[in-house]
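A.B. asks: Dumping the structure here so I can ask a few things about it.
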Amino acid sequence: MRFFEDIEIGQRRELGSFTFTAELIKKFAGQFDPQPFHLDEEAGRKSLFGGLAASGWHVGSVCMKLLVADGQRQAREAAARGEKIATWGPSPGFRELRWLKPVLAGDTISFQSEVESLRTSEKRPEWGILQARNTGTNQRGELVFSILATAFVPRRNAGA
């Protein structure tokens, strides 16, 4: 992971993609969002979605999984180069969660993250605060998911 000083507004990360199969949609829904249009193809066809739809929480969870995996990959690469690894802090929250189009069984969603703002924390100057727009786009190029995420990012020389 990068330090605050290494990040610029507009930097974009491709996080990877995920195919939402009927089996995975039903498994997630059965455990976390047991609504009929997430659990049954016929109910999905008769719904507003027109097909078996992934829970929005499923889509967001996949985005988070890919975001963390990409951060771990970056940390491994930095360690292999002998660089100091920045350990990011927690997120104070998210805003602007949008499920823009349904994600149906068989859809493959590609996820991205783009830095929208950076500032130093007033209360903790050893930390910076980053806001990034995380998005998901389906195989037809349609935006299906968007969220504005906030994270604490360590400053390289804070306290020095």
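A.B. asks: What FRET efficiency comes out for the pair Asp40/Gln11, r = Cβ-Cβ distance, R0 = 25 Å, nearest 0.05? Before the final figure, lay out each step's value.
C.D. replies: On the way: r = 42 Å, r/R0 = 1.67.
Calculated value: 0.05.
A.B. asks: Here's another thing I want to ask about it. Working out 0.36 nm times the residue gap between Arg73 and Lys27, then minus their Cα-Cα distance, what length gain in nm do you get to one decimal? Can you show the working numbers first?
C.D. replies: Working: separation 46, 0.36 × 46 = 16.56 nm, distance 2.75 nm.
Length gained between Arg73 and Lys27: 13.8 nm.
A.B. asks: Among Ala43, Phe28, Ser91, whose Cα projects farthest towards the positive end of the dipole of region 8-160, with charges put on the beta-carbon of Lys, Arg (+1) and Asp, Glu (-1)?
C.D. replies: Positive-most Cα among the choices belongs to Ser91.
A.B. asks: How much length is gained on full extension from Glu114 to Ile85, taking 0.36 nm per residue of separation minus their Cα-Cα distance?
C.D. replies: On the way: separation 29, 0.36 × 29 = 10.44 nm, distance 2.07 nm.
Gain on extension, Glu114 to Ile85, equals 8.4 nm.
A.B. asks: Using a 1.4 Å probe, what is the accessible area per residue for the chain, in Å²?
C.D. replies: I get 57 Å² per residue for the chain.
A.B. asks: Quick one: helix 22-32 against the long Cα principal axis of the chain, what's the angle to the nearest 10°, folded into 0 to 90?
C.D. replies: The two axes meet at around 70 degrees.
A.B. asks: Where nothing but the Cβ of Lys and Arg (+1) and of Asp and Glu (-1) is charged, how large is the charge dipole of the chain around its Cα centre, in debye to the nearest 20?
C.D. replies: Numbers: 22 positive and 19 negative charges, 62 e Å.
Approximately 300 debye in magnitude.
A.B. asks: Report the rotationally averaged projected area of region 4-154 based on its alpha-carbon convex hull, in square nanometres. All intermediate terms of the calculation are to be shown ahead of the outcome.
C.D. replies: Numbers: hull surface 39.8 nm².
Averaging across all directions leaves 10.0 nm² for the Cα convex hull.
A.B. asks: Which is the longest part of the chain that has none of the GluC sites (Glu not before Pro) sitting in a DSSP loop with at most 16 other Cβ atoms within 10 Å?
C.D. replies: Working: sites that count: Glu8, Glu83, Glu122, Glu126, Glu142.
By the stated rule (loop sites, at most 16 other Cβ atoms within 10 Å), 9-82.
A.B. asks: Going by alpha carbons, how many degrees (0 to 90, nearest 10) lie between the helix axis of 56-80 and the longest principal axis of the chain?
C.D. replies: 30
A.B. asks: Further, regarding this structure: Just from its helices, what would the mean residue ellipticity at 222 nm be for the chain, if runs of 4 or more DSSP H residues each count -39500 (n - 2.57) and the sum is divided by every residue, rounded to the nearest 500 deg cm²/dmol? Spell out each step's value before the answer.
C.D. replies: On the way: 4 runs with 46 residues, N = 160.
The helix contribution divided over the chain gives -9000 deg cm²/dmol.
A.B. asks: For region 65-112, which trypsin sites (Lys or Arg not before Pro) are in a loop by DSSP, counting at most 16 other Cβ atoms within 10 Å? If you can, show how the numbers build up before the last one.
C.D. replies: On the way: sites: Lys65, Arg73, Arg76, Arg81, Lys84, Arg95, Arg98; in loops: Arg81, Lys84.
Qualifying residues, ordered by number: Arg81, Lys84.
The values are calculated or read from the model by the stated rules, or taken from the named source; none is laboratory data. Fair warning: this is a prediction, and the values are worked out from it, not measured in the lab. In this analysis, Cβ positions are derived from the backbone assuming ideal geometry, glycine residues included, and neighbour counts consider all displayed protein chains. SASA here: full protein model, heavy atoms, side chains in, ligands and nucleic acids out. Shrake-Rupley method; radii C 1.70, N 1.55, O 1.52, S 1.80 Å.
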